[in-house]
Amino acid sequence: MGYKLIILLGLLLGVLYSLHILVKDFQSITSGKLLMKFLFKRDVSSQSSNRYHTVRWKKILLHDTIQCARYLYCDLGANTDNEIRRGFALMLTLEPLEEDKSSLQVFQQAYELGRTSGVKSCRNEYPVCPFDGRFLFQVIAYLLKT
């Protein structure tokens, strides 16, 4: 019984770490108001100047063992009702580093699944994540405040 608890705690620590990386990348992008500039601009194709503002998709995917970050983006596709959610969705459009391109596609596919099929299909696709999207965004809101 004790070893199962240790494994579960290790997996949950991975979830928190992947969310932490995602929030830190979001903060680095929004610190220069780059993301907010894109939120209120029609053309987001001119992103050649944001090479220093990248998201570490490969590292996030590496620590996302129970698929909570993927579930988060799937839930995000189904519901972008506030500015922070739209900001995290917009992170999918930023030009990734070469090593992050295949990992970014995983998150883009999760987002598209949520956008086209809804939250119920997200739960079916990522059943291992024990949290719902609302709780994950509460954790992100807490991390953004600290």
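The values are calculated or read from the model by the stated rules, or taken from the named source; none is laboratory data. Small disclaimer: the values here were computed from a predicted structure and weren't measured. Ideal geometry is used to build each Cβ from the backbone, glycine not excepted, and the neighbour counts take in all protein chains shown.
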Can you work out which of the residues in segment 91-130 that are assigned to a helix (DSSP H, G or I) and small (Gly, Ala, Ser) is nearest to the chain's Cα centre (by Cα)? Ala110
If I filter segment 23-40 for residues that are outside any helix (DSSP H, G or I), crowded, with 22+ Cβ neighbours inside 10 Å and either at pLDDT 90 or above or more than 12 Å from the chain's Cα centre (by Cα) (or both), do I get at least one hit? no
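Results for (1) within 20 Å of Lys145 (Cα to Cα); (2) crowded, with 21+ Cβ neighbours inside 10 Å; (3) hydroxyl-bearing (Ser, Thr, Tyr), shown as yes or no for each residue.
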residue: Asp64; (1), (2), (3): no, yes, no
residue: Tyr71; (1), (2), (3): no, yes, yes
residue: Asp75; (1), (2), (3): no, yes, no
residue: Ala78; (1), (2), (3): no, no, no
residue: Asp81; (1), (2), (3): yes, no, no
residue: Leu92; (1), (2), (3): no, no, no
residue: Glu99; (1), (2), (3): no, no, no
residue: Ser102; (1), (2), (3): no, no, yes
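Quick check on Ser45: is it modelled with pLDDT under 90, under 24 Å from Thr146 (Cβ atoms) and surrounded by fewer than 16 Cβ atoms within 10 Å (Cβ to Cβ)?
no
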Just to be sure I understand, how many residues within segment 79-90 are within 11 Å of the chain's Cα centre (by Cα) and over 16 Å from Gly133 (Cβ atoms)? 1
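Looking only at segment 131-146, filter to residues that are assigned to a helix (DSSP H, G or I) and among the charged types (D, E, K, R); which one of those is surrounded by the most Cβ atoms within 10 Å (Cβ to Cβ)?
Ranking the candidates gives Arg134 first.
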Just a yes or no: is a residue in segment 116-124 surrounded by fewer than 14 Cβ atoms within 10 Å (Cβ to Cβ) and in contact with a Lys or Arg (Cβ under 9 Å, 6 or more places away or on another chain)? no
Suppose we keep only residues that are surrounded by 18 or more Cβ atoms within 10 Å (Cβ to Cβ) and within 16 Å of Leu90 (Cα to Cα) within segment 53-62. Which one would you say is modelled with the lowest pLDDT? His53
